[in-house]
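Written below as structure tokens is the structure these notes are about.
We did not get these values from a lab; they are worked out from the coordinates using the rules stated. As the structure is a prediction and not an experimental result, all values here were calculated from the model. Quick reminder, even Gly has a Cβ in these numbers, built from the backbone with ideal geometry, and neighbours come from all protein chains shown.
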Amino acid sequence: MIAGILYLLSAIMMWIFLPPSLNKKIEHGKIKIQWKDFLSLLQNKKIIMIYLIAFCVMGCFVCTYNFISYVLMTEPYNLSQTIIGFIFVLYLVGSVSSAVMGTLSDHYGHGIIIVISVIIQLVGILLTLFMPLIVKIIGLAIFTYGFFGVHSNACAWAPQSCQNDKAQVSAMYMLFYYIGASTFGTIGGTFLSNYGWSGIVVFETVILTIGLILAIILYKKKE
């Protein structure tokens, strides 16, 4: 809550103190916000599906890393918080994924790569159901690889999919992206409390399946 308040204050200070943009039409000293452009984005079905895919995969990604620590601190693992902290080194897998899956999209298109990446993410989260620690870590690595494959392609594809201001398209993408993180990253705690880690996996499997269906629909459309 404190961090949220600080972010809000920072945004207000930026609005007040930053100099006006040189590339926007100025009216009475203020930047005219093109609300019609934002609303037109919401009428573009392809863009909305890309946004919803980002909403789903980012929500699951944050949910996983928010709550996997609680599982690893208990029986039969009993890992210390220090050791568990090294799990986030798996984020480096994302750097590899972004590069590899981005290159593949140049040859095969964003649509099919997003479909494959969501499937990889699904396989990864299902592997974390197995008890051996090494299998859980491998599952997390695969899950992370799949997530960054989706994100790198969806983030690049969105601005290419319409004639709107690219900054607006990207801003709306990030809005959906982080709303998904906040929503599922919080709701997942209820599933963990009531059903354990298997509850998290079932919850995310449903969300990722929805994302996969959207990705398949997008793939069948012309890029």
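Among LEU92, GLY146, LEU214, flag the residue with its Cα farthest along the positive direction of the charge dipole of segment 37-220, charges on Cβ as +1 for Lys/Arg and -1 for Asp/Glu.
Farthest towards the positive pole: LEU214.
May I ask for the angle, rounded to the nearest 10°, between helix 45-72 and the longest principal axis of the chain, with both axes built from Cα atoms and the value confined to 0 to 90°?
Roughly 40 degrees between the two axes.
How many lysine pairs are close in the chain, with Cα atoms under 18 Å apart and the two 8 or more places apart or on different chains?
Within the chain, the lysine pair count is 17.
For LEU79, what residues show an amide H to amide H distance below 5 Å, using hydrogens built from the backbone and excluding near sequence neighbours?
For LEU79, whose amide H was placed from the backbone, the distant partners under 5 Å are MET73, THR74.
Identify, among LEU72, LEU18, LEU39, the residue whose Cα sits farthest towards the positive end of the charge dipole of the chain, taking +1 on the Cβ of Lys and Arg and -1 on the Cβ of Asp and Glu, with the dipole about the Cα centre.
So the residue we want is LEU39.
Once phi is turned into θ = phi - 60°, what whole-Hz ³J(HN,Hα) does the Karplus curve with 6.51, -1.76 and 1.60 give for every residue of segment 87-99, x standing for Gly and Pro?
My calculation for segment 87-99 gives 4, 6, 4, 4, 4, 4, 4, x, 5, 5, 4, 4, 5 Hz in order.
Treating the beta-carbon of each Lys and Arg as +1 and of each Asp and Glu as -1, no other charges, what is the dipole magnitude of the chain about its Cα centre, to the nearest 20 debye?
Approximately 700 debye in magnitude.
Given 37 °C and 0.692 mPa s, compute D for segment 37-220 with the Stokes-Einstein relation, Rh being the Kirkwood radius over Cα pairs; round to the nearest whole µm²/s.
197 µm²/s
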